[in-house]
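Inspection log for the structure reproduced underneath, given as structure tokens.
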Amino acid sequence: MKKSFSKTIAVLLAVLMVVCSLPMTVFAAGESRSNVQLQFGTYFASGADTHQTYVDEYIAGFGDSGLNTAKLDYDKATGTITEASSGHTYGVGDFFTVSVLLENTSSLAAAQVGIKYSDNIVPAAVGTNDDGFEALVEATNVTSPKDGFAPNEAITGQSGNAIYNTASSTVGEISYIDADKKTMWANFAVQDGTDAVNLTAPKTVGVNTFTKTAVLATFGFKIVNEGAVTFSLADSKDIDSAYYVETIANGGKVEEYKTYTQTNYDGSTALDFMNNNENIESTKYTVKFVGADGTVISEAQYTEGATVTVPDLPKAEKISDTQHNTYAWDTEPALTATANATYTAVATAEDHKWDTGVKQDDGSTLYTCTVCGATKSETAHVHSYTWKYNGDAYYNTKSDRKDGTMTGTCTCGDTVTKTVPGTSLLRANSYSLILDNSLTINFKMTKANVSSFNNIVVKANTKFGPQQVFESPTKDDGVTYQYAIGLPPQYVKDDIELVAYSTYEGVEVWGPTYGRSVLTYVNSKFKDANITGDNASNKNKAFRTMLVNILNYATAAQKKINYDTANLANAGLTEAQKAWASPDIQSFNTVKNYDAVTIDNPTARFAAGGLKLEDAVVPRMTFALKEGAVDIKDITLEATVGGKTFTYTQADNPEAFQFYRTASGKLGTENRYYFYFTDILANQMSETISFQIKVNGKAVSNVCTYSVESYVNQMYPTANEIDKDLYMTMMQYGTSAVAYGRA
């Protein structure tokens, strides 16, 4: 060492030397691989150009050096330093700083890193020059150094003590440059009496923020000659040239040290330098390319991270009168060497692609395949094929998919098979959840993927009803075709499977099946740490509560109808996820009033309110029309909720009206009907719905007010436990939908 250490440092590094002399097998690798990295910076950020070639007495801001400034770009391959903001490439006469960082380090007791630098740079410092001015010059020309910028020393304000050591002593005093050996030594040792420094919390220095990183020291340099600026470990065979002790416990017993250092000299290390230890022979990987027949096309060894040369694939070759083989690698070759690898050319049979043909003297036509060069001669017979699609398109991933094929059979018995392009993409490829009065999965098909197909028909198979056929999408947003499919809550865990159909050259074709469920959607969201983590936003916390409530609601619906109760929708919830559910609602409100606003001489009236729960949450209102005065075909029923009014007529909405019976009532002889209000949303279960009947725009009934919660308020006290669970989870789902909308 250049300087004398305090007793603590001396003892610590002495113990470290002992540790590093032990067999490497005794060292624990720790939680991650450590890396010695260099960060390049400027000397000044104010009062001068961004990059500096000299500084005179009129320039201020020496404290803005190194880590207080933006990073410079360093290209290790070419040894050049550049400044992205100005495009300046550093050359002879320019000054720069180098900070030695120890990355991927959770705690630190002591460290020592020796790094050689190239011959074309020399140490630089700030101090009084020969002219008596304060300036940035080569270290050998400083006559009176500025405090913190001593020649051949680390820049004190940028070294380890400025970030991690709270003691009054200065760690930076033990980091220095040995100019004779062109080596900078970045040293660190705890001096404040603690075992080790915890580096897990982010630490901000100037414009830089570091996490799990120790800044050991910052040095200044000047470029004095042309050529690459390079750095390497001081001695690849000297184990003390790069090591660090992670922590010390129980008085610093040697066997309790955790040490990262070189493990052997065959290329493997437990400590990386600038992402690749250049002074130890790099790890080599063998990359082989093999033909489809097993012959080796090429085989070479590459240094880890080197660019792999990928040979040309074999040329297409004829395999029959109708087909040839084309070739592709069994897996996409990695362009850089990261492991031993063998890539094999795989042959794929494809139909010949015949040219337009050349007429021969005998009247026949000679055709040549434009891919493999095969030829065929045809005479008078012209094949006439009847085509049938084989239904063999599949899609696993973007890179693992295959278009389907169709086979043509000629009257002469000849058969040919050809690919139907685009059929592997003839499918829904994403989905989302719509939370109306029912749970709705909104399947999406990217229009660009299916642009070659016309008249797409989508068929959906479910467990809760007959096949649904979509002749056209429920929505076209310009980018996607969308197909919305509502489902009863008890089927939340069951896949809905979509298959898209179209025609190709007059033949019906179809794409791969795309199956998803509400439970698939929920589970995918529970894998997102932004939603499930402790630091989730209020919006995401409300969202996850709603998702858990949906599963609980679905489970209650399963129990209500005794459907697949061995596989309940919420069975997979963890205890932590169960805790996200809304608490039980202690009481329910009612707004039920069949005569909330009255008119003179009504000829229609609302007689009862209820709820239909078979497949969705649907208010069912009973209304009566005075016989002989009002006809069901003439009325308009208005329902208002959330500031929006919906109108229904029997002609336009026959499914919303159902005849009940004829009986005597308040209006005399009445025809009574059920009306089903299907436009309520999940977050409107507690909102007041106003109903009124009109004829030709004139009110013929009083205004009736009702809500889903009104029904629950009426039924809950006397319901059995299964129904109570259904009502409670349904309302919890509704209240969480409201909370999510407001978050």
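Only the coordinates and a few stated rules stand behind these numbers; no lab work does. Note that the structure is a prediction, hence the values are computed from the model and not measured. A quick note on method: Cβ atoms are made from the backbone with ideal geometry, for glycine too, and the neighbour counts reach across all protein chains shown.
Enumerate the residues in segment 305-338 having an amide nitrogen under 19 Å from the point lying 7 Å beyond the Cα of Asp293 toward its Cβ.
Output list for this probe position: 311-321, 323-330.
Round to the nearest 0.05 the FRET efficiency obtained for Arg661 and Lys698 when R0 = 25 Å and r is the Cβ-Cβ distance.
0.40
If we sort 207-213, 409-415, 80-86 on the protection proxy, mean other Cβ atoms within 10 Å, highest first, what's the order?
Descending packing order for the listed peptides: 207-213, 80-86, 409-415.
Sorted by packing (mean other beta-carbon atoms within 10 Å per residue), highest first, where do 567-574, 473-480 land?
567-574, 473-480
Summing Lys, Arg as +1 and Asp, Glu as -1, what charge do residues with Cβ under 15 Å from the Cβ of Val703 carry, Val703 excluded?
Surrounding charge for Val703 is +1.
Once amide H atoms are placed 1.01 Å from N in the peptide plane, what residues at a sequence separation of 5 or more from Thr678, or on another chain, have their amide H within under 5 Å of its amide H?
none
If the chain between Thr78 and Asp534 were fully stretched, how many nm would it gain, using 0.36 nm times the residue separation less the Cα-Cα distance?
159.6 nm
Once both labels are modelled 7 Å past Cα along the beta-carbon direction, what's the Met715-Asp652 spacing in nm?
2.9
Which value in nm describes the separation of the simple spin-label points at Trp329 and Glu304, placed 7 Å from the Cα toward the beta carbon?
Going from the Trp329 label point to the Glu304 one covers 2.1 nm.
Extending each Cα 7 Å along its Cβ direction at Asp634 and Thr409, get the distance between those two points in nm, one decimal.
In this crude label model, Asp634 to Thr409 measures out at 6.5 nm.
How far, in nm, would the chain grow between Glu317 and Asp392 when pulled straight, counting 0.36 nm per residue and subtracting the alpha carbon separation?
Between Glu317 and Asp392, full extension yields an extra 24.5 nm.
For the cross-link pairs Lys644/Lys694; Lys212/Lys541; Lys463/Lys560; Lys76/Lys116, which exceed 19 Å when the distance is taken from alpha carbon to alpha carbon?
As for pairs spanning more than 19 Å Cα to Cα, those are Lys212/Lys541.
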